[in-house]
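Peer 1: First, the structure itself, so that you have it in front of you.
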Amino acid sequence: MIFQNNDLLLGVVGEFNCNLKELEKITETNIYSRGNSILIKSESKKNELIKNAIKFLADQFIINGSIEKKDIISSVNKFMIEEKINNSEKNIEYIIKTPKRSVIPRSEKQKNYVRALKQNEIIISTGPAGTGKTFLAVAVALTMLLEKKIERIILSRPAVEAGEKLGFLPGDIREKVDPYLRPLYDSFYDLLDYEKIQKKIEVGDIEIAPLAFMRGRTLKNSFAILDEAQNATDTQIKMFLTRIGENSKIVINGDPSQTDLPNKNLSGLTRSKKLLGHLKEISFVDFDHTDVVRHPLVSKIVKAYSN
């Protein structure tokens, strides 16, 4: 593979050829960088796969200006090869552009999820940790806020401890629930500068609302995200869903395998699909371990515990 742009070539191969070495390790092939070209030595079928993977990494570098380990893993994923390389023009609609980075769905289900986030008013997603449920929802919500399609983002989460007793938490209501909402904050900081996020929180463009405090409200021109919904009861999920108002979206995310309620049968997340599955206006997305995009070990851990 010959590169006309040396900067692009350097970005693809990485410092001290680290990206190529990682690609070699994953595909069990030999890849060399010589001059302005990359040489692949393997069987013809695998050569074509790696060639497409390198094309994907080149596109990733052009979009984001960097290549991460997870991008290299995604580059050899079947869906990424078929959908991102051969049909890249069709996938432009799935790219979420934020001030800090562009977010690209890394599996077919993630693409379906992004499509639902953009098109539907209510989205309910389930699946293990690391499948992008929260991150993609926050990314779409933030772009809509910056484009002034909505007036505020509301983050909510049941205040249920994950196996530990946190005891009394001092401070105002926001300080009390901050520990529970930290993963949502982390997603925002990945997409927009810390100072800008803090400013939007201060002026109310981004609101922190414990699930218990959502009762009685009507959400207009809003994007509301309920995270860790496996720890919400039927009554709580019903209450949250019925907050929807004019020009609003509601997203409910959770992992049924990580329910922290004293009685796991009280979780309303799994039952929501049985109760609402017949409604075409509500989109349901079910992720599994194949959609995990964190460290590759996460997928293996999730699969092991599922088995």
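The values are calculated or read from the model by the stated rules, or taken from the named source; none is laboratory data. Only a predicted model underlies this, so the values are computations on that prediction, with no experimental measurement involved. Counting neighbours? That spans all protein chains shown, and the Cβs are built from the backbone with ideal geometry, glycine included.
Peer 1: For residues in the range 28-43 being under 18 Å from V76 (Cβ atoms) and assigned to a loop (DSSP other than H, G, I, E, B), which is nearest to the chain's Cα centre (by Cα)?
Peer 2: Here the answer is E28.
Peer 1: Taking interchain pairs and intrachain pairs at least six residues apart, which have beta carbon atoms under 9 angstrom, with the first residue in the range 16-37 and in the same structural domain as E68 (by TED's automatic domain parsing) and the second of a type in the set (F, W, Y)?
Peer 2: Partner pairs satisfying both residue conditions: N17/Y32; L20/Y32; N36/F3; S37/F3.
Peer 1: Might you check whether a residue that is assigned to a helix (DSSP H, G or I), over 11 Å from V76 (Cβ atoms) and of a type in the set (A, V, I, L, M) occurs anywhere in the range 17-25?
Peer 2: Yes, because at least one residue in the range 17-25 is assigned to a helix (DSSP H, G or I), over 11 Å from V76 (Cβ atoms) and of a type in the set (A, V, I, L, M).
Peer 1: Still on this model: Could you grab me the full set of residues in the range 143-152 that are aliphatic (A, V, I, L, M) and assigned to a loop (DSSP other than H, G, I, E, B)? Before the answer, list the steps.
Peer 2: The initial filter retains those residues of the range 143-152 that are aliphatic (A, V, I, L, M), namely 144-146, 150.
Answer for the range 143-152, where residues must be aliphatic (A, V, I, L, M) and assigned to a loop (DSSP other than H, G, I, E, B): just I150.
Peer 1: Moving on to the next point. What are the pairs with Cβ atoms under 9 angstrom where one residue, in the range 47-69, is closer than 19 Å to C18 by Cβ and the other, located anywhere, is aromatic (F, W, Y)? Sequence gap at least six, or different chains.
Peer 2: Short answer, once both residue conditions are applied: A58/F3; I67/F61.
Peer 1: Output the number of residues of the range 274-297 satisfying the condition of being outside any loop (DSSP other than H, G, I, E, B), in contact (Cβ under 8 Å) with a residue 40 or more places away in the chain and under 21 Å from the mean Cα position of the chain (by Cα).
Peer 2: Number of matching residues: 9.
Peer 1: Could you list, in sequence order, the residues of the range 205-221 that are touching a strand residue (DSSP E or B) at 6+ places or on another chain (Cβ under 8 Å) and of a type in the set (A, V, I, L, M, F, W, C)?
Peer 2: Scanning the range 205-221 gives I206, I208, A209, L211, M214, L219.
Peer 1: May I ask you to verify whether S283 is polar (S, T, N, Q) and loosely packed, with under 15 Cβ neighbours inside 10 Å?
Peer 2: Details: polar (S, T, N, Q): yes; loosely packed, with under 15 Cβ neighbours inside 10 Å: no.
No: the conditions fail for S283.
Peer 1: Report, by residue number, each residue of the range 103-142 that is polar (S, T, N, Q) and either outside the structural domain of P256 (by TED's automatic domain parsing) or part of a loop (DSSP other than H, G, I, E, B) (or both).
Peer 2: The first filter runs over the range 103-142 and keeps only residues polar (S, T, N, Q), leaving 107, 110, 112, 119-120, 125-126, 131, 134.
Once the filter is applied, which keeps residues that are polar (S, T, N, Q) and either outside the structural domain of P256 (by TED's automatic domain parsing) or part of a loop (DSSP other than H, G, I, E, B) (or both), the range 103-142 yields S107, N120, T131.
Peer 1: Looking at the range 178-200, I want the residues that are surrounded by 14 or more Cβ atoms within 10 Å (Cβ to Cβ) and have a partner that is among the hydroxyl-bearing types (S, T, Y) and at pLDDT 75 or above with Cβ atoms under 7 Å, at least 6 apart or on another chain. Which pairs are those?
Peer 2: Here the result reads P183/T134; L184/T134; S187/T134; L191/T98; L192/T98; I197/Y189, each pair linking the range 178-200 to a residue that is among the hydroxyl-bearing types (S, T, Y) and at pLDDT 75 or above.
Peer 1: Also, quick follow-up: Say we look at the range 236-276 and pick out the residues that are of a type in the set (V, I, T) and at pLDDT 90 or above; which of these is nearest to L219 (Cα to Cα)?
Peer 2: Going residue by residue through the range 236-276, those that are of a type in the set (V, I, T) are 237, 242, 244, 250-252, 259, 270.
Subset that is at pLDDT 90 or above: 237, 242, 244, 250-252.
Details: I237: 15, T242: 9, I244: 5, I250: 9, V251: 13, I252: 15 Å.
This residue is I244.
Peer 1: Here is a follow-up. Answer yes if at least one residue in the range 210-231 is at positive phi, touching a residue at least 24 places away in the same chain (Cβ under 8 Å) and in a loop (DSSP other than H, G, I, E, B), and no otherwise.
Peer 2: First pass over the range 210-231, keeping only residues at positive phi: 216, 221, 228.
Filter once more, keeping what is touching a residue at least 24 places away in the same chain (Cβ under 8 Å): 221, 228.
Still in the list and also in a loop (DSSP other than H, G, I, E, B): 221, 228.
Yes, there is a match, as at least one residue in the range 210-231 is at positive phi, touching a residue at least 24 places away in the same chain (Cβ under 8 Å) and in a loop (DSSP other than H, G, I, E, B).
Peer 1: Still on this structure, I have one more. Name the residue that is farthest from F188 (Cα to Cα), counting only residues in the range 97-112 that are out of contact with any strand residue (DSSP E or B) (no Cβ under 9 Å at 6 or more places or on another chain) and in contact (Cβ under 8 Å) with a residue 40 or more places away in the chain.
Peer 2: First, the residues of the range 97-112 that are out of contact with any strand residue (DSSP E or B) (no Cβ under 9 Å at 6 or more places or on another chain): 98-101, 106-108, 111.
Applying the additional criterion that residues be in contact (Cβ under 8 Å) with a residue 40 or more places away in the chain yields 98-101, 106-107.
Values: T98: 10, P99: 11, K100: 10, R101: 11, R106: 19, S107: 22 Å.
In this case the residue turns out to be S107.
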